[in-house]
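Contents: one structure, followed by commentary.
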Amino acid sequence: MSSSATRKRHRLTIMFMLAAVTTTPVFPAAAVSIPNPAVVTARADAFGVEGVETRRLDDAGLLVTGKLDGRPFSIAVPDDWNGDAVVYAHGYSLPGTPTAVAANPAAPDAPMILQMAFGEKYAAAHSAYDKAGMGVESGAAASLRLRDLLVQIGAKRIFAMGVSMGGNIVMTMIEQNPDAFDGAFSGCGVTDGWETQMGPIFDMRAAYNVLTSGTPYALPGIQDVTASALPMVPPADFQGSAEQFVQQQSARIAAPILALWSAAVKAPQGPEARIVRQLVAIGGFPEDVASLLYPLVIISLGTDDMRATFGGQFYGNRAKDYRPVEMNDAEAAAFNTAVQRFDGDNDALANARRFHQVRGTFRKPLVAVHNRLDPLVAYAQAEALTRHARNGGTEALLLQYALPDVREPLRFGVEGLAHCGFTKPQMAEALGLLRAWVIGGQRPHAPEAR
């Protein structure tokens, strides 16, 4: 989250990064020679890169750009390169947003992890995915291909780093391609699977429809929770960009949610506050405006894409008995009668599990961090990773710890909990621990909470 434009884009794509000063690497490393641009170009051409270009970064390093299998990528190599590289997997973006890549991973408007990696003397690399929306399979393929290019360029060790959906992409890569990376980092990641991540959010949307029916807080558009509420492709007569249309649609979904929250804040014992408490409890999130906005905007605008990606509805609630908080037996019975019932598709569920249900089968060091209070990826995902590592016999390869929660201004003019509320020094510390672990072979201790 650097420039205001980048902040706005990241709010829309539900990926939030905190910029701060860099920190000294935990494990020192001698600088190595930066690759010769002509050699890089020749190796990239031989590897099949389309339109490879190299240019100097104002006496700071070398920028390499091009396309791999049709996907744009960028790599920034610092002049005082430590010889290692970071492949960054970005998080979820709403369908219709550009499938963009950081034009320069070292620039102030690049994702924070890329800036951090470059500042800590790593080659920082980022690839676009094939599509916006649900992109685990595409993101894993693109990131693995970029990893192979870094090997050709001369990187000694390569680390995978991803946040949010990108954290699940990291888990996919290290479990399905266990020797591709020397170590990995997942931040605020979906480190269990998509059933447990999105199932409660489908439940939230279904509950929201029941609890706000006939009120000014009802969501616009299609009420069927197995379909997107609003279209994400602009009509032919829309005067603006596709990204502006997505912003407009997300604002339409956000407006009644914000009105509900505002009423709840004004009357903590009123009916709106009760609805808020019931919704966040169903989702498993902390009571916060962001815990309503992020999940409900994503599920309201991203369901069609999820169904298309996984080949159907991968979650169903047909037999679920809801017990919303602060409801007596009669109220709960009425709620269960009123709530929409829908079935999951076994083939779609199998695809969701393939990309990707975590199993704890990785074979290289993994550092994973979460905020205990996150309005989109609940801490239950971290607890599940611990179980999977224990069951998979990989506990010794997992270093997992929690970072302090962060509040920040949100896109819609309110302040709330940050999703992926991390700072640049925290990320540098995690990467330093990971690199020292890989080089020295000794599992580090988790940093002290602060």
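From Gln400, Gln442, Gln381, Gln340, grab the single residue that is of a type in the set (S, T, N, Q) and surrounded by 20 or more Cβ atoms within 10 Å (Cβ to Cβ).
Result: Gln381 is the single residue among Gln400, Gln442, Gln381, Gln340 that is of a type in the set (S, T, N, Q) and surrounded by 20 or more Cβ atoms within 10 Å (Cβ to Cβ).
Of the numbered conditions (1) assigned to a helix (DSSP H, G or I); (2) open to solvent by less than 40 Å² (accessible area, probe 1.4 Å), Arg252 fails exactly one; give the number of that condition.
Answer for Arg252: the failing condition is (2).
Being open to solvent by less than 10 Å² (accessible area, probe 1.4 Å) and touching a helix residue (DSSP H, G or I) at 6+ places or on another chain (Cβ under 9 Å) is the filter here, so list the residues in the stretch 83-96 that pass it.
Asp84, Ala85, Val86, Val87, Tyr88, Ala89, Gly91, Leu94
Quick test of your reading of the structure: Gln269 fulfils all but one of (1) more than 30 Å from Leu366 (Cα to Cα); (2) under 25 Å from the mean Cα position of the chain (by Cα); (3) open to solvent by 50 Å² or more (accessible area, probe 1.4 Å). Name the failing condition by number.
(2)
Give me a count of the residues in the stretch 62-78 that are under 25 Å from Leu433 (Cβ atoms) and either surrounded by fewer than 24 Cβ atoms within 10 Å (Cβ to Cβ) or at pLDDT below 95 (or both).
The qualifying residues number 1.
When both residues are 6+ apart or on different chains and their Cβ atoms are under 7 Å apart, which pairs have a first residue that lies in the stretch 319-336 and is free of Cβ contacts under 8 Å to residues at least 40 places away in the same chain, and a second that is loosely packed, with under 13 Cβ neighbours inside 10 Å?
Qualifying pairs under 7 Å: Ala332/Arg323; Asn336/Asp321.
Take Pro95 and decide whether it is of a type outside the set (A, V, I, L, M), under 28 Å from Ile174 (Cβ atoms) and touching an Asp or Glu at 6+ places or on another chain (Cβ under 6 Å).
The answer is yes for Pro95.
Looking at Glu395, Glu448, which one is without any contact (Cβ under 8 Å) to a residue 24 or more places away in the chain, of a type outside the set (Val, Ile, Thr) and touching a helix residue (DSSP H, G or I) at 6+ places or on another chain (Cβ under 7 Å)?
Glu395
Within the stretch 209-245, take every residue that is outside any helix (DSSP H, G or I) and of a type in the set (D, E, K, R) and give me the one that is most open to solvent (accessible area, probe 1.4 Å).
Here the answer is Asp237.
Go through the stretch 166-191 and count every residue that is open to solvent by less than 10 Å² (accessible area, probe 1.4 Å) and out of contact with any strand residue (DSSP E or B) (no Cβ under 8 Å at 6 or more places or on another chain).
Residues that pass the stated criteria total 2.
Look through Gly360, Gly302, Gly311, Gly284 and report the one residue that is over 19 Å from the mean Cα position of the chain (by Cα), of a type outside the set (Val, Ile, Thr) and within 20 Å of Asp192 (Cβ to Cβ).
Sole residue among the options that is over 19 Å from the mean Cα position of the chain (by Cα), of a type outside the set (Val, Ile, Thr) and within 20 Å of Asp192 (Cβ to Cβ): Gly360.
From the list Ala132, Ala142, Ala123, Ala155, exactly one residue is under 20 Å from the mean Cα position of the chain (by Cα), farther than 18 Å from Met306 by Cβ and either open to solvent by 20 Å² or more (accessible area, probe 1.4 Å) or not basic (Lys, Arg) (or both). Which is it?
Going through Ala132, Ala142, Ala123, Ala155 in turn, just one is under 20 Å from the mean Cα position of the chain (by Cα), farther than 18 Å from Met306 by Cβ and either open to solvent by 20 Å² or more (accessible area, probe 1.4 Å) or not basic (Lys, Arg) (or both): Ala142.
The values are calculated or read from the model by the stated rules, or taken from the named source; none is laboratory data. Everything numeric here is computed off the predicted structure, so don't read it as measured data. Virtual Cβ from ideal backbone geometry, glycine too; neighbours counted across all protein chains shown. Accessible surface is based on the protein model in full, side chains and every heavy atom, while ligands, DNA and RNA are left aside. Shrake-Rupley method; radii C 1.70, N 1.55, O 1.52, S 1.80 Å.
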